[in-house]
1. Please state which one of F90, F119, F47 is closer than 20 Å to A243 by Cα, aromatic (F, W, Y) and modelled with pLDDT of 90 or more.
2. Would you check which residues across region 93-106 are surrounded by fewer than 19 Cβ atoms within 10 Å (Cβ to Cβ) and closer than 17 Å to P64 by Cβ and list them?
3. So which of F90, F81 is of a type in the set (F, W, Y), outside the structural domain of D213 (by TED's automatic domain parsing) and surrounded by 13 or more Cβ atoms within 10 Å (Cβ to Cβ)?
4. What's the number of the only condition in (1) at pLDDT 95 or above; (2) within 16 Å of T100 (Cβ to Cβ) that V63 fails to meet?
5. Is it true that some residue in region 11-21 is touching a Ser or Thr at 6+ places or on another chain (Cβ under 9 Å) and at pLDDT 90 or above?
6. Only one of (1) crowded, with 18+ Cβ neighbours inside 10 Å; (2) at pLDDT below 55; (3) among the hydroxyl-bearing types (S, T, Y) is not met by Y3, so which one is it?
Amino acid sequence: MKYFLTFILCAAVGTLSTLSAHARTIYFGSETEVVPLIYGGPTILRFPSEVRTISQAQKYQIVPANADSPNYSVLSVTPRFMSGSSDVAFILSDGTIVKTRLTTVSKALPEKTDSIYDFKTKEAQLTQVGDAEASGAALPSIDLMKAIIRGDEVAGYEMRKLVRTISPGIKGVNIKLVRVYTGNQFNGYIFEIVNTTKNQKLFINVQNMSLGDPNMALLGSVDDPLIEPESTGRQKTYLRIVAKPTSVYNELKLPIQVAERK
């Protein structure tokens, strides 16, 4: 039996024109939006109007993308350090505040990362989703979750099989990312969770799970929240997550507790 849980979240230079097709859109509102930035090079952030003020950005070099003809609605952001994150607010010319968490990540991440991010309002997202649904181009998160559960390939998504180990911080538990789906709308994940204890039944508290801070998870599904000890042969289960497209797999926080000692 599969246990299914829904997380209700608010939905959220010269050559730039030739890269438009590779840009990823981030829809902003009052919430903080995570922006992954690859260390070792610049990432372009494009806003709906010019940026007048930037706060708390000491860990990043932020300049106009085109130094010869500065346009403060198109900024180049380069991490100063190999890792870390900062909450950075961009205040636009009309007074709109775009709250972000800039996070420096490795090129080796299995998720898709982009060199250009377009910031658009949630109102623009509602319009675009309506148009996409009318044309049949939109893929709801629930449909992606169903495809992930079935193990299907999904049009518009790259599916990769891999093994990436995550440290859960709990003795007797192994967690591995074994499959990832990446696309412009969502990221999808399959995690293998193994109970390596000899006599403890473990309980996975999926309801309190999070993927990043703020939480980027939209949907979560686990085959069985109770994992038997290693000696029973039923010590393994699978967790599936659909998340926002800027999520990062290794930021998974999964509360696990001892449910019973045998």
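1. Exactly one residue qualifies, and that residue is F119.
2. Scanning region 93-106 gives a single hit, S93.
3. Numbers: F81 fails: surrounded by 13 or more Cβ atoms within 10 Å (Cβ to Cβ).
F90 is the lone residue from the list that is of a type in the set (F, W, Y), outside the structural domain of D213 (by TED's automatic domain parsing) and surrounded by 13 or more Cβ atoms within 10 Å (Cβ to Cβ).
4. Answer for V63: the failing condition is (2).
5. no
6. Going through (1) crowded, with 18+ Cβ neighbours inside 10 Å; (2) at pLDDT below 55; (3) among the hydroxyl-bearing types (S, T, Y) one by one, Y3 breaks only (1).
The values are calculated or read from the model by the stated rules, or taken from the named source; none is laboratory data. Quick caveat, the model's predicted, so the values are computed rather than measured. We place every Cβ from the backbone using ideal geometry, glycine too, and count neighbours over all the protein chains shown.
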